[in-house]
Amino acid sequence: MKRVVDITIIGIFFSSSLFSQTDVFHSFLGTAADSNKASLRFDKNIYTYFWNFNGAVAHQDSLVEFYLTDQFTSSLIRRDFRSIRDENSFAMNLSHTLSGQLSLTGEAQSFVLSDNQSLGVSNAAIHSALAGISYRPTQTMYITPLLGIRYDKQQDESNSGLNVRLHAGGDSLEFGGYRASFLGELNQSDLNPRKFTNNLARINIATDFGEGSKDSVRVHWLNNRWDF
């Protein structure tokens, strides 16, 4: 018998309806160590052509961890006139170990959108680069503060400013017969005059009763906010 309780709490606040996208950046790439992968896909459906490219590079040794992912998608509609939508997402993480508990950490992300298929022409670009220190009080827990810059462009309007992030997590935590893990991210950007917030938290708790019986609870919290 397996019983799972899944609770999701989402809060989204906007002080203006002009921009409604959520943050496209996530620092957790989920690529296996020492793996290099690439895939290219093409589809055609009557007047529409689709391209999709995915690439990942990962390396890990005793001192350095490096992860890079890139995803590009494109669609072309050929009828009386051509309409194209291109979207590219890029993310890179780099970490260099200083000691058993400390490491230098850097992140870079980029998102570019060009779309004339929707009503009106849409162009957007979001870029960020940050650096910080990661601290591991134990082998299963970490906290990583990062400081950097973020650049946003929407149509003809551009903003840039300070970007502050905090990552924290823990895995394989045990107490009173229960196993637990948690993940938390704070992401604050001051893009004068705009401000952006993207925070999330996840908690998993599980226990086994034997003979295939298991109870687990998962809690997710997400908060995205634009202020203008």
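Here are the numbers for this structure:
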{"quantity": "Net charge, Asn54 excluded, C-beta distance under 12 Å - Lys, Arg +1, Asp, Glu -1", "calculated": "+1"}
{"quantity": "Surface accessible to a 1.4 Å probe, per residue, for the residues of the range 49-122, Å²", "calculated": "58 Å²"}
{"quantity": "1.4 Å probe accessible area per residue over the range 152-228, in Å²", "calculated": "54 Å²"}
{"quantity": "FRET efficiency estimate (nearest 0.05) - Cβ-Cβ, Asp227 to Asn88, R0 35 angstrom", "calculated": "0.80"}
{"quantity": "Cα gyration tensor shape of the range 116-215, rounded if a/c is under 1.5, else prolate or oblate by comparing a/b with b/c", "calculated": "oblate"}
{"quantity": "Distance from the range 41-108 to the range 163-201 (C-alpha centre basis), Å", "calculated": "23 Å"}
{"quantity": "Efficiency of FRET from Cβ geometry, His96 and Glu174, R₀ 41 Å, rounded to 0.05", "calculated": "0.85"}
{"quantity": "Per-residue ³J(HN,Hα) for the range 63-80, Karplus 6.51 cos²θ - 1.76 cosθ + 1.60, θ = phi - 60°, Hz, x for Gly and Pro", "calculated": "10, 10, 10, 9, 9, 9, 9, 9, 9, 10, 10, 8, 9, 10, 10, 10, 9, 5"}
{"quantity": "With every protein chain in place, the range 133-188: carbon and sulfur % of accessible area (1.4 Å)", "calculated": "61 percent"}
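The values are calculated or read from the model by the stated rules, or taken from the named source; none is laboratory data. Note that the coordinates shown come from a computational prediction; the quantities given were computed from them, not determined experimentally. Cβ: placed from backbone, ideal geometry, glycine included. Neighbour counts: every protein chain shown. For accessibility, only protein heavy atoms count, side chains too; no ligands or nucleic acids. Shrake-Rupley method; radii C 1.70, N 1.55, O 1.52, S 1.80 Å.
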